[in-house]
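The numbers here are math on the coordinates, done by the rules we state, and not lab data. Predicted model only: the values in this text are computed from it and were never measured. With ideal geometry, Cβ positions are generated from the backbone for all residues, glycine too; neighbour counts draw on all protein chains shown.
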Amino acid sequence: MNGAIPARNILITGANGVLGAATARYFLEHDAACKVHLGVRSRHERAQALAAEFPGRAHLCPLEVTHPAAWAQALDVIGTRSGPLNVLVNNAGYHEDALLASMTQVQWRGVLEANLDAVFHGCQAVLRPMMAQRWGRIVNVASLSALHSPAGQANYAAAKAGVLGLTQSLAKETARLGITVNAICPGHIEGALPAGWSEEQVKALRREMPMRRFAQPVEIAAVVFFLASPEASYITGAALKLDGGLL
Ligand SMILES: NC(=O)c1ccc[n+]([C@@H]2O[C@H](COP(=O)([O-])OP(=O)(O)OC[C@H]3O[C@@H](n4cnc5c(N)ncnc54)[C@H](OP(=O)(O)O)[C@@H]3O)[C@@H](O)[C@H]2O)c1
């Protein structure tokens, strides 16, 4: 392990979402020295509450992850505010399901851009500051759909599988630089199930889970926190399945 690990300066994209906000809270509650930059786009309410609860340590950071120029601007703002970034959690993403036969170009491209292109832009934006520090942690939030592609998710499954490939390649490129790159593959997360599911559908899905429950966001956040820690120094290029034993 590297002798002098810098204090962690963290950017979490999509930090107003269920998992992003839980991850930000986990960092803020478990590492008193860290600074957390909350990437936000249209909604701000959870991020604003965190910034108010942890003044001086949690900051909102407007970031449309599909725009390389927005990344450059966000990194500038973060650098000025609290020094060079050394942890990136690529968490922003969404799915828009459709059978491939009827999937529109917009559904295909939109999901690929937000879930895969954005991870490319983010990784590229943070490499230079991480290389300069010779220390960095990148955690990419993929999905179980990358490993076990459901019908109706050709766009999302392809994007998230692409994230795993990118993660493994980049991990090899940065292994000697003190920068680790890992991906997580969560299954269903409590409080973040697809909108419009009926109570019966949710119950039936829960019965299919070996643990008869979905993940609590904090159970996923704790893994991100560990992968972003100095102690996780020998884990890189991994795709960690967080599905309660489903697959
Ligand atoms: N929920 C699950 O069961 C589950 C399972 C496996 C993997 N995941 C993955 O976990 C991650 C977080 O999901 P979640 O459940 O927490 O979803 P969520 O509550 O819907 O949050 C998603 C966040 O991503 C942001 N976002 C989406 N596209 C963006 C873009 N182009 N630029 C900037 N921000 C963007 C959204 O911002 P806005 O406020 O602007 O919309 C929102 O804050 C996603 O990558 C998802 O694919 C989720």
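Data overview
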read-out: Theoretical FRET efficiency, 1/(1+(r/R0)^6), r = Cβ-Cβ of Val18 and Arg109, R0 25 Å, to 0.05; value: 0.50
read-out: Kyte-Doolittle at least 0.0, axis length at least 15 Å by Cα - qualifying DSSP helices, the chain; value: 18-30, 68-82, 118-133, 154-174, 217-227
read-out: Distance between modelled label sites at Tyr234 and Val218, nm, 7 Å Cα→Cβ extension; value: 3.0
read-out: Straight-distance crosslink candidates among lysines, where the alpha carbon sits under 25 Å from Lys160 and sequence neighbours closer than 8 are dropped; value: Lys172, Lys241
read-out: Label-to-label distance, nm, for residues given as Ala98 and His67 (7 Å Cα→Cβ offset); value: 2.5
read-out: Two-site FRET efficiency, His148 against His44, from Cβ-Cβ distance with R₀ of 25 Å, rounded to 0.05; value: 0.15
read-out: FRET efficiency, Leu246 to Val77 (Cβ-Cβ, R0 25 Å, nearest 0.05); value: 0.05
read-out: Set of aspartates and glutamates with alpha-carbon distance to Lys203 below 13 Å, sequence-local pairs under 8 removed; value: Glu190
read-out: Kirkwood Rh and Cα Rg combined as Rg/Rh, region 9-238; value: 0.96
read-out: Nitroxide proxy distance, nm - points 7 Å out along Cα→Cβ at Ile5 and Gln124; value: 3.0
read-out: The chain: calculated mean residue ellipticity at 222 nm from DSSP helix runs of at least 4, using -39500 (n - 2.57); value: -13000 deg cm²/dmol
